[in-house]
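Following: one structure in structure tokens, then a few remarks.
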Amino acid sequence: MNAVTLGPAGTYSHRAARAVAAEVSFRESVTAIVDAVADGEFERGVVPIENSIEGSVTESLDALADYDVAVTREVVTPIRHALLAQDDGFDVVASHSQALAQCRNWLEANYPDAGLEAVASTARGVERAREDARVAGIGHPDNAGDDLSILAQDIQDRTSNATRFLVVAPESARSDAGGKTTLIVYPNANYPGLLLELLEAFADRNLNLSRIESRPSGERLGDYLFHFDVDAGLYEDHMAKAVEDVEAIADNGWVKVLGSYDTEHVLD
């Protein structure tokens, strides 16, 4: 099986993808990853969906809504950030915007005068540090190699820092089996009690929503779609009936059921 994820090699996405496939390729954006899977270029894609400190990755949410794909697995991995540089003479810290945000307090306390540069991935920031002594990168300590020094380890602001990755597959791979289900709902309506009706479809059946998030639909200002993660599989009768109710409520719009899947924790 081949998989595609955020590159270059050495990103946290790459570490998660290695639990999915032996052969891993890279793209520079989440949208490009999901597009490549939807087009059949790759069997699987691995995209970050949520971080325990910074919350949801909005590009991933939007890409899942825009492309016809399935979710077949969830990978959760701890995030251990280190400050990597040629020496301590740097004046810029380069990394993915999420990594910079996850280390915000530590950087302000220890390097308040350093500039911050957002790049496409943590690995890209480490590459910048290899190329330029004035730049430090934030990434996993294993990415230091032989040419960078580990100036500090575990610099994330919370030790509980972890990221959820979703394994994206072609729509034909969607499964009803698993302990969790993700769906996206676009009601194409706006009236008092609409969101309550959607929530009641799950609450009335004692189904737990582990995440709910709204995103702009892109159709018009003030128009939203909703992302739901439900702690149940589609094979369960009460979950299937909840989806039927949601589809009836959103009959003027659409419901995209991405499938049911299980969670794997990857410590390496």
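Points to keep in mind about this one:
- For beta carbons closer than 8 Å, sequence separation of 6+ or different chains, a first residue in the stretch 4-25 that is on the phi > 0 side of the Ramachandran plot and a second that is open to solvent by less than 30 Å² (accessible area, probe 1.4 Å) and assigned to a loop (DSSP other than H, G, I, E, B), the qualifying pairs are GLY10/HIS140.
- Members of the stretch 66-83 that are aliphatic (A, V, I, L, M) and either surrounded by fewer than 19 Cβ atoms within 10 Å (Cβ to Cβ) or in a strand (DSSP E or B) (or both): VAL69, ALA70, VAL71, VAL75, VAL76, ALA82, LEU83
- Looking only at the stretch 87-98, and only at residues there that are out of contact with any Ser or Thr (no Cβ under 7 Å at 6 or more places or on another chain) and either in contact (Cβ under 8 Å) with a residue 24 or more places away in the chain or in the same structural domain as GLU54 (by the TED database) (or both), the one that is nearest to ARG158 (Cα to Cα): GLN98
- Note on the stretch 52-65: residues that are among the acidic types (Asp, Glu) and either assigned to a strand (DSSP E or B) or in contact with a helix residue (DSSP H, G or I) (Cβ under 6 Å, 6 or more places away or on another chain) (or both) total 2.
- Qualifying residue in the stretch 191-212 (condition: charged (D, E, K, R) and under 30 Å from GLY10 (Cβ atoms)): yes
- Test for ILE249: is it among the aliphatic types (A, V, I, L, M) and free of Cβ contacts under 8 Å to residues at least 24 places away in the same chain: no
- Every residue from the stretch 26-41 that is open to solvent by less than 20 Å² (accessible area, probe 1.4 Å) and either in contact with a helix residue (DSSP H, G or I) (Cβ under 6 Å, 6 or more places away or on another chain) or free of Cβ contacts under 8 Å to residues at least 12 places away in the same chain (or both): VAL30, VAL34
- The stretch 226-263, subset among the aromatic types (Phe, Trp, Tyr) and under 15 Å from LEU199 (Cβ atoms), residue surrounded by the most Cβ atoms within 10 Å (Cβ to Cβ): PHE228
- Residues of the stretch 101-118 that are of a type outside the set (A, V, I, L, M) and in a loop (DSSP other than H, G, I, E, B): CYS103, TYR111, PRO112, ASP113.
This table checks each residue for (1) on the phi > 0 side of the Ramachandran plot; (2) open to solvent by 10 Å² or more (accessible area, probe 1.4 Å); (3) in contact (Cβ under 8 Å) with a residue 40 or more places away in the chain; (4) among the aliphatic types (A, V, I, L, M).
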{"position": "ILE155", "(1), (2), (3), (4)": "no, no, yes, yes"}
{"position": "ASN161", "(1), (2), (3), (4)": "no, no, yes, no"}
{"position": "PRO170", "(1), (2), (3), (4)": "no, yes, yes, no"}
{"position": "ALA173", "(1), (2), (3), (4)": "no, yes, yes, yes"}
{"position": "ALA177", "(1), (2), (3), (4)": "no, yes, yes, yes"}
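The values are calculated or read from the model by the stated rules, or taken from the named source; none is laboratory data. Everything quoted here is computed from the prediction, not taken from an experiment. When we count neighbours, we look across all protein chains shown, and the Cβ atoms used for this are built from the backbone with ideal geometry, even at glycine. Accessible surface is based on the protein model in full, side chains and every heavy atom, while ligands, DNA and RNA are left aside. Shrake-Rupley method; radii C 1.70, N 1.55, O 1.52, S 1.80 Å.
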